[in-house]
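Every number here is computed from the coordinates shown, using simple stated rules; none is lab data. Keep in mind it's a predicted model, so treat the numbers as computed, not measured. With ideal geometry, Cβ positions are generated from the backbone for all residues, glycine too; neighbour counts draw on all protein chains shown.
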Amino acid sequence: MIVAMQSGATREEIRAVCEVIQQSGMKAVEIPGGDRVAVGVASAIPPDLRPVLTERLSALPGVDRVTQVSRAYKLASREFHPTDTVVECSGVRIGGREVVLIAGPCAVENPDQMARAARAVREGGARIMRGGPFKPRTSPYSFQGLGEEGVRLLVDAARAEGLLTICEVMDEGDVEKCAEVDILQIGARNMQNFRLLMAVGRSGKPVLLKRGPVATIDEWLLSAEYILCQDNPNVVLCERGVHPVDRTYTRYTLDVAAVQVAKHLSHLPVVVDPSHAAGDWRYVSALARAGVAVGADGIMVEVHPDPAAALCDGPQALRPETFHRLADDLRAVAEAVGRSIL
Ligand code: PEP
Ligand code: MN
């Protein structure tokens with residue numbers, strides 16, 4: 001619910017609106033805007049309270065009109081927060097003019113693999129290194145990741161090259177194990193693991209939230225809302241492909257339009273992951289270029305020093321030299337759409 005004040009409404013009138021909202025047990029947030037202020041109700045409004053509150057607020061002096069925000073998410077919506085959010089992490093800004101590259105192997109495997117991957121990632125101009133210590137695998141017999149030891153290897157390899165780190169957490173316990181990791185990732189399979197969303201929200205760290213392969217855009221943004229309402233504004237959305245019509249040649253279907261739709265509905269930055277969408281290294285570069293062209297604020301790709309030996313997602317991993325070529329191509333695309341890449 002948004003309460004638009006009349007132009008010239010007094011401070012007392014604005015305060016009275018906030019008080020009525022707070023007395024009803026909800027949080028009020030003032031939204032400045034030119035000569036007209038609005039007050040947003042930053043909590044879920046119980047359905048039975050909605051009409052009563054609307055009537056009370058509409059009757060207050062200085063109130064122009066009370067609008068229902070029809071969308072179920074609020075903190076994630078652009079209506080509530082019209083300007084783009086820039087998620088800042090140790091000097092790297094996601095959501096600004098620069099398109100941020102995130103790269104690294106699917107899974108953390110060993111120190112040599114990580115050192116070689118980190119060098120390749122840094123040489124290509126990526127700012128953030130990825131690598132999974134906790135792997136969500138379809139089969140319980142597949143490599144599950146190195147766990148805490150993997151976190152150590154990721155952090156050490158990335159720091160040696162001056163890179164920030166991101167990795168997926170699969171449960172609340174993983175969040176504590178990732179104290180030294182800069183950005184936490186919620187994987188596609190966990191997009192609606194609500195307790196996990198609240199736990200990463202409470203961590204206060206930036207969170208990259210992948211879209212589930214069968215999730216609607218509204219469901220994705222509601223998941224973002226779970227993190228945001230823990231007073232953690234540092235959420236980055238990630239489109240990584242939705243369930244495909246034809247799985248013969250690609251793993252998922254990159255929903256290119258969803259990048260623009262998400263940016264239209266929400267102020268949060270959006271990253272594109274072409275690797276999991278394609279599932280085949282041959283198509284990764286083209287999809288990454290499409291991601292930058294359609295307005296992504298970052299591109300996350302899987303890079304492995306020796307894809308044939310990878311323990312996870314080898315077929316979609318780029319070799320270092322392919323990644324470097326891609327990074328150069330992305331610079332050209334970024335420039336064409338008024339953006340830049342390191
Ligand atoms: C990953 O990034 O390694 C991963 C498992 O991706 P997703 O959750 O998109 O499948
Ligand atoms: Mn992977």
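Tabulated data
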| item | result |
| --- | --- |
| Burial ranking of peptide ranges 257-267, 243-253 (average Cβ count within 10 Å, highest at the top) | 257-267, 243-253 |
| Cα gyration tensor shape for segment 188-254, rounded if a/c is under 1.5, else prolate or oblate | prolate |
| Descending principal axes extents, the chain, alpha-carbon based, whole Å | 69, 43, 41 |
| Relative contact order of segment 157-273, defined on C-alpha pairs under 8 angstrom at six or more residues apart (%) | 19 |
| Cα-based convex hull, segment 157-306, per residue volume (Å³, whole number) | 119 |
| Computed P(r) (all Cα pairs; segment 130-216; 5 Å bins; percent) | 3, 15, 26, 24, 19, 9, 3, 0 |
| Rounded, prolate or oblate (a/c below 1.5 giving rounded, otherwise prolate when a/b exceeds b/c) for segment 2-67 by Cα gyration tensor | prolate |
| Kirkwood-type radius of segment 231-318, with distances r between different C-alpha atoms, in Å | 13.4 |
| Relative contact order, percent, the chain [alpha-carbon distance under 8 Å, six or more residues apart] | 16 |
| Distance between segment 83-100 and segment 212-235 - C-alpha centres, whole angstrom | 18 |
| For segment 71-164, diffusion coefficient by Stokes-Einstein and Kirkwood Rh (Cα), 25 °C, 0.890 mPa s, µm²/s | 162 |
